[in-house]
Amino acid sequence: MSSSIFHPPNAHLLSDGIIGSVSARTKSYRSAFDTRQRVGERAMFTASKPPQAPVAQPFPEPTVGTAPSGKLSPDIGLTPSTERKRKIQQLSEQPKIHSFTAGSNPSSPQGEAPVTCIQRFKQSSTVEKIQRELRRKKQARYRKKQSDHMMNLEKENEQLQQEVERLKRRRFSTTMAFPPRENLWSAALEYFRLFRHGLQEPKMMSLLSGEDKIQSRVQMAFFQSTMAPDVVFNADQGIDKMIQYWNFLSYAFKDMKIELKCMMQENEDSLVATSVTSVTISEQTLLAVFPHLSNEDTPELDETKVLLRQALVNQRITMLGSIRFEWDAINGQVTSVSIESDMLTPMLHLLGNLEDVSRVFADALLSLDFQWRPKANNLSGNNQ
C-alpha cells in the first residue's frame with residue numbers, strides 16, 4: 001500500500017477537507033522547543049506594547065492554548081507548571097497597583113467595599129456643613145466677646161463716674177465739716193475758691209446738676225460758718241446782703257470768672273487780696289444791669305440806645321479789683337468784706353468817650369466800681 005505525508009495510514013479515518021487545509025511546516029519542529037527564542041520574542045512583543053496597569057486578580061488565568069497537564073503548550077512550548085511560575089515571578093517584580101472605581105478611596109484595602117461617587121459627594125457635603133457650622137460658632141463667639149468687652153467698658157465708665165461723684169461729695173462734706181476757721185488767710189483762700197464762678201442760687205436747686213447742688217450747699221455752709229452774722233459787706237450789713245449781691249452777679253453774668261492774683265496782710269486782723277474779674281456782656285446782662293437801654297419811654301434816644309447796645313453786646317471785659325477782709329480772732333469769723341473793681345477802664349475802651357459811659361451807667365444797677373445799686377422796683381424782678 002502506497003503512503004505519503006498527504007496520505008497517512010489512517011487517512012481513511014480523516015476527511016479530505018481537513019487534511020487538505022493543513023499547510024506544510026516551514027520551520028523545524030525543534031524550534032518550537034527553543035525556550036530562549038520564544039522568551040526573546042515575547043520580550044520584544046511586550047516592549048513594543050504601551051504599558052498597561054495590570055488588573056489585580058487572586059491568581060492569573062490560564063492563557064488560551066494551554067495544554068492539559070503533562071502536555072506541551074502549543075503557544076510557547078512550556079509546561080503549565082513552568083508557565084505559571086514564570087508569570088507569578090513577573091507579577092511579583094512589577095509594582096502593585098490597586099484597582100479602584102470612581103468615587104472610591106485608592107488607599108483603602110482591597111477587602112473593603114468601593115465607595116461610589118454619590119457617597120463621596122455626601123461625605124464632602126457633610127464636611128462642608130461641619131466646617132460652616134464651626135466658622136459660624138467661631139464668629140458668634142468673637143461677636144459675643146466684643147459685645148461683652150463693650151458692656152464691661154460701659155460698666156467701668158459708669159462706675160468711675162459714680163466714684164468721681166462720691167469723691168466730690170466726700171470732699172465737699174469734709175469742707176463743710178471742717179470750715180477754714182484757723183486764720184484769716186485760709187478764710188480768704190476758701191472765699192475765692194468757692195466764688196470764683198459766682199454763686200449757685202439755692203432757689204434754682206431743682207435745675208442744678210448734682211455737683212452744682214453740692215457746691216450751692218457748701219457755699220451756704222461757708223457763709224454760716226465763716227462769716228459773722230452781722231458781717232459788713234460793702235455799704236450793707238448781714239449775710240443775706242452778701243448772698244443777694246452774689247445772686248445778682250451770677251444772674252447778670254453767666255460766665256463770670258474771678259481769679260486771685262495775690263494777697264497782702266495789712267495788719268494782724270486784715271488783709272487785701274488782688275483779683276482779676278472777667279465777664280461777658282450779653283443780652284441778659286443788658287436787661288439785668290442796663291435796663292434803661294431797652295426802655296422805649298424816651299424815643300429821642302432810640303438811635304443812641306441802639307448804638308450803645310450794639311457796642312456792648314457780646315463783649316468780654318476784664319476788670320482789676322481788690323477785696324479787703326477783716327477778721328475776728330476771738331470768734332474765728334470774718335467781720336467785714338469790701339469788694340471793688342475798676343469797671344470804668346474797660347467800658348471807656350469799648351464806648352470811646354466818657355459821655356457814652358455816663359449815659360450807660362446813668363440808671364444802671366451796677367456802679368463803675370462794680371457795686372450793686374438795687375432799686376425797689378427791680379429788686380424783686382432780679383431775684384426771681
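Since every read-out is calculated from the coordinates, none of them should be taken as a lab result. Treat the numbers as computed from the prediction; the structure is a model and nothing was measured. Quick reminder, even Gly has a Cβ in these numbers, built from the backbone with ideal geometry, and neighbours come from all protein chains shown.
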Between GLN224 and VAL313, what is the label-to-label distance in nm when each label sits 7 Å out along the Cα-to-Cβ direction?
-> 4.3 nm
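Would you mind checking the pairs LYS168/LYS261; LYS155/LYS257; LYS129/LYS155 and listing those with alpha carbons more than 28 angstrom apart? Before the final figure, lay out the partial values.
Values: LYS168/LYS261 26 Å; LYS155/LYS257 35 Å; LYS129/LYS155 39 Å.
LYS155/LYS257; LYS129/LYS155, as the Cα separations exceed 28 Å there.
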May I ask for the equivalent-ellipsoid semi-axes of region 256-342, computed as the square root of five times each C-alpha gyration tensor eigenvalue and listed largest first in whole Å?
-> 39, 14, 9
May I ask you to derive the FRET efficiency for GLN123 and LEU167 from their Cβ-Cβ distance with R0 = 51 Å, giving the value to the nearest 0.05?
-> 0.20
Calculated FRET efficiency for the pair LYS261/ALA235, C-beta based, R₀ 35 Å, to 0.05 = 0.90
Protection proxy ranking of 347-359, 138-150 - average other beta-carbon atoms within 10 Å, highest first = 347-359, 138-150
Would you pull out the residues with amide H under 5 Å of GLN315's amide H, same chain only if 5 or more places away, H placed 1.01 Å from N?
-> ILE281
Nearest-0.05 FRET efficiency for LEU189 and GLN131 at R0 = 56 Å, using Cβ-Cβ distance, is 0.20
5 angstrom amide H check on LEU366, placed H, neighbours 5+ away | ARG373
